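Notes to accompany the following structure.
The values are calculated or read from the model by the stated rules, or taken from the named source; none is laboratory data. Just so we're clear, the structure is a prediction, and the values are computed from it rather than from any experiment. Ideal geometry is used to build each Cβ from the backbone, glycine not excepted, and the neighbour counts take in all protein chains shown. Quick note on the areas: whole protein, heavy atoms, side chains included, nothing else; ligands and nucleic acids left out. Shrake-Rupley method; radii C 1.70, N 1.55, O 1.52, S 1.80 Å.
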Amino acid sequence: MKNKGLVITTIVFFLIVNLSHFWEGKIGIWAFPIFIYLIIIFLVLLMICLIQIVKGFKEKFSNRNRNVMIVIIAISLGLIFLKPRGIINFDRFEGEDLFIAQREGALNCMTTFKLKPNNKFKERSVCFGISEVRGNYEIKNDTIFFSNVSVTRGSEEYYKFGILKKSKYRDEKAFFRYRSGSDSIGHELWIKKNEIMN
């Protein structure tokens with residue numbers, strides 16, 4: 001097929017975007033430049049698709065190879081536009097979210113913390129890159145203790161435990177994480193869902 005390379009490029013691009021769940025949290029600071037690069041590829045493929053559609057109209061869509069190429073590119077780009085995080089929500093396969101806490105920081109940086117079944121937790125931070133932290137948790141009384149922590153970006157030490165208590169900024173409970181027993185400030189996240197603690 002003529003333009004076979006373009007079809008292969010489109011399919012590879014589609015797979016890269018749809019499997020981002022598995023790689024975006026591991027590339028850290030490179031996530032932002034890669035995201036820009038993927039937008040450029042999307043726009044280039046969109047332009048090529050529109051050019052091919054115009055050529056198809058001129059040929060009254062009599063060229064079978066061109067028609068197949070247009071369909072593959074149009075469907076791939078359409079699905080990416082409608083579902084930019086992927087057509088499959090892989091987060092669901094990790095189990096239901098029992099607890100969600102998040103906070104938006106300066107420059108729209110967002111941290112989302114989730115407790116999953118089987119004593120697993122996941123944290124995703126988006127700020128000039130994407131990083132993920134995964135590990136195990138154990139609840140004792142009103143405290144969540146973290147263990148077997150895997151940090152994808154940097155060698156920073158993760159929090160040792162977290163508790164629910166009244167927010168410093170809102171008239172409701174928040175989730176505070178602490179790096180040690182001597183940490184008196186903690187890091188506050190606002191609770192979005194709580195089916196695990198009182």
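Could you tell me whether PHE81 is open to solvent by 60 Å² or more (accessible area, probe 1.4 Å), modelled with pLDDT under 90 and among the aromatic types (Phe, Trp, Tyr)? No; evaluated as a whole, the condition is false for this residue. Whether any residue in the stretch 138-155 is within 19 Å of PHE22 (Cα to Cα), open to solvent by 70 Å² or more (accessible area, probe 1.4 Å), in contact with a strand residue (DSSP E or B) (Cβ under 7 Å, 6 or more places away or on another chain) and part of a loop (DSSP other than H, G, I, E, B) is what I want to check. Yes, that holds for at least one residue.
For PHE121, the conditions (1) closer than 22 Å to ILE29 by Cβ; (2) surrounded by 16 or more Cβ atoms within 10 Å (Cβ to Cβ) all hold with the exception of (1).
Residue count for the stretch 99-137 satisfying the condition of being among the hydrophobic types (A, V, I, L, M, F, W, C) and assigned to a loop (DSSP other than H, G, I, E, B): 3. Residues that are among the polar types (S, T, N, Q) and within 15 Å of GLN102 (Cα to Cα) within the stretch 160-186 comprise just one, SER167. Number of residues in the stretch 165-198 that are within 20 Å of PRO117 (Cα to Cα) and part of a loop (DSSP other than H, G, I, E, B): the value is 4.
The helices (runs of 4 or more DSSP H) found entirely in the stretch 1-93 that carry 1 or more residues being touching a Pro at 6+ places or on another chain (Cβ under 8 Å) and on the phi < 0 side of the Ramachandran plot are 4-18.
For the stretch 179-196, filtering for residues that are surrounded by 15 or more Cβ atoms within 10 Å (Cβ to Cβ) and either at positive phi or out of contact with any strand residue (DSSP E or B) (no Cβ under 6 Å at 6 or more places or on another chain) (or both) leaves 2.
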